[in-house]
Amino acid sequence: MDAAARAIEAPQIVDRTVRLDPRSATKEEILLVHTERHFDEIMETRGEEQTYVDSDTVTSPESADTALLAVGSVLVAVDAVLNGELANAFALVRPPGHHAKPDKAMGFCLFNNVAVGARHALRKRNLKRVLIVDFDLHHGNGTQKAFYTSPEVLYISTHQWPHYPGTGALDEIGRDSGEGFTLNVPMPAGLGDAEYVAVFKEIIAPVGREFAPELVLVSAGFDAYYQDPLGSMGLTERGYAAITREILSIAEASCGGRAVFALEGGYHLLGVEKSIVSVLEVMKGFATGAVDFEPASRAKYDQQAKPLMDALRRTHQGFWKSLAR
């Protein structure tokens, strides 16, 4: 969290933001998404020196209580935005959440912060449509599972493919009444600012506006940063600013700009710091993020990004008129 702390102390940020007091989520709130058994298993790790709750997810004595604070902080942000106290908010939380399934912790995630935030908005605040945009390097398999059969939540994920956790294929589009309400953008390694911006402008923003959400939630992972040790993508802080502008354009068109970002992954600390600053600058309105990127390599764009967008249109044009040609 040192990188996040440095980001909000940046000279251009520190005096232009309002800081909200966090709180712990209640058991009732966690159970909006997770099973009672899963909640109890995480709570049982309290005070334990080291507990493996998944092959790569280990807790320390205070992890469970910190995870409750992470979820609660997202809920505080959601309520502040829905109450009109803030135009938008960024919950800088740890642990992350988007890999946590309703019944299982995994991928460093104990509870699914954004999924609980979405379900809270739907069940406790009586919203009808929530958009979740997930630009973490990894696919948010837990978030997808939580809403795979629901038409109330449109889940859109851009992620490196193939990569952990192995989900997020193009043909994973939702099931039953939720068919069409999952839109996965599996991106080949090496794509950067130009390609991401094209995908957001041509695919994600049009579909998001057509869905007309009453709230936009964002799983903001910064491990697609070009120097991140766990990924092979090419985003820079300028790219993150530009895709933030596209996400906010959906919120501005549909729900008065109401958007809540929540921190997910990111393992290059300077990259996380710089990217958070660039996102906050756009969220607070003193940077536009409206930068047109020319593909560094036209061949890469033509060979990888354009075919991906064509495949997305073929897969989803039956659900979204904005993708029909």
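Please treat every number below as a calculation from the coordinates, not as lab data. It should be emphasised that the depicted structure is a prediction, and the values quoted were computed from it without experimental measurement. Here the Cβ is made from the backbone with ideal geometry for all residues, glycine too, and neighbour counts use every protein chain on show.
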Where labels lie 7 Å past Cα in the beta-carbon direction, separation of Thr149 and Thr26 in nm:
2.7 nm
Give the shape of segment 223-325 as rounded, prolate or oblate, defined through the alpha-carbon gyration tensor: a ≥ b ≥ c are the square roots of its eigenvalues, a/c under 1.5 means rounded, and otherwise the shape is prolate if a/b is larger than b/c and oblate if not.
oblate
Return the distance in nm (one decimal) between the two label points of a simple spin-label model at Glu36 and Tyr52, each offset 7 Å from Cα along Cα→Cβ.
3.0 nm
Amide H proximity to Val218 below 5 Å, modelled H, separation 5+ or other chain, gives Val133, Val260, Phe261, Ala262
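Within the chain, which complete DSSP H helices have Cα atoms spanning at least 24 Å along the helix axis and a mean Kyte-Doolittle hydropathy of 0.0 or higher? Walk me through the numbers on the way to the answer.
Values: long enough: 63-82 (28 Å, 1.77); 237-254 (26 Å, 0.06).
Qualifying helices: 63-82, 237-254.
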Using 0.36 nm times the number of residues separating Glu62 and Ser232, minus their current alpha carbon distance, what extension gain do you get?
58.0 nm
Please state the relative contact order of the chain as a whole percent: Cα pairs under 8 Å, 6+ residues apart?
17 percent
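Checking the a/c ratio against 1.5 first, then a/b against b/c, what shape does the Cα gyration tensor give for the chain? Working shown, then result.
On the way: a/c = 1.36, a/b = 1.26, b/c = 1.08.
It is rounded, given that a/c, with a ≥ b ≥ c, falls under 1.5.
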Computed label-point distance, nm, for sites Thr17 and Asp310 using a 7 Å Cα→Cβ extension:
4.2 nm
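Please report the antiparallel percentage of DSSP beta bridges with both residues in segment 2-323, rounded to the nearest 5. Display every interim value, and only then the final one.
Values: 5 of 32 bridges.
Antiparallel bridges: around 15 percent, rounded to the nearest 5.
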Calc'd 3J(HN,Hα), segment 143-154, phi into Karplus 6.51 cos²θ - 1.76 cosθ + 1.60 (θ = phi - 60°), Hz, glycine/Pro = x, comes to 5, 4, 5, 4, 10, 5, 10, 10, x, 7, 10, 8
Have a look at Ser254, Leu269, Gly239 and report the one farthest towards the positive end of the charge dipole of segment 220-283, computed about the Cα centre with Cβ charges (Lys/Arg +1, Asp/Glu -1).
Ser254
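Eigenvalues of the Cα gyration tensor times 5, then square-rooted: what semi-axes does that give for segment 109-228, in whole angstrom, largest first?
Details: eigenvalues 104, 47, 38 Å².
Taking √(5λ) for each Cα gyration eigenvalue gives 23, 15, 14 Å.
Which net charge results when you count Lys and Arg as +1 and Asp and Glu as -1 among the other residues whose beta-carbon is under 9 Å from that of Thr158?
Values: positive: none; negative: Asp134, Asp136.
Result for the local shell: -2.
So, in segment 2-323, how many Lys pairs have Cα atoms under 17 Å apart, if the pair is 8 or more places apart or on different chains? Write out the running numbers ahead of the final one.
Values: Lys27/Lys101; Lys27/Lys104; Lys27/Lys124; Lys101/Lys145; Lys104/Lys145; Lys201/Lys306; Lys201/Lys321; Lys274/Lys284.
For segment 2-323, qualifying lysine pairs total 8.
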Computed over segment 207-325, the relative contact order (Cα-Cα under 8 Å, seq sep at least six) in percent reads 30 percent
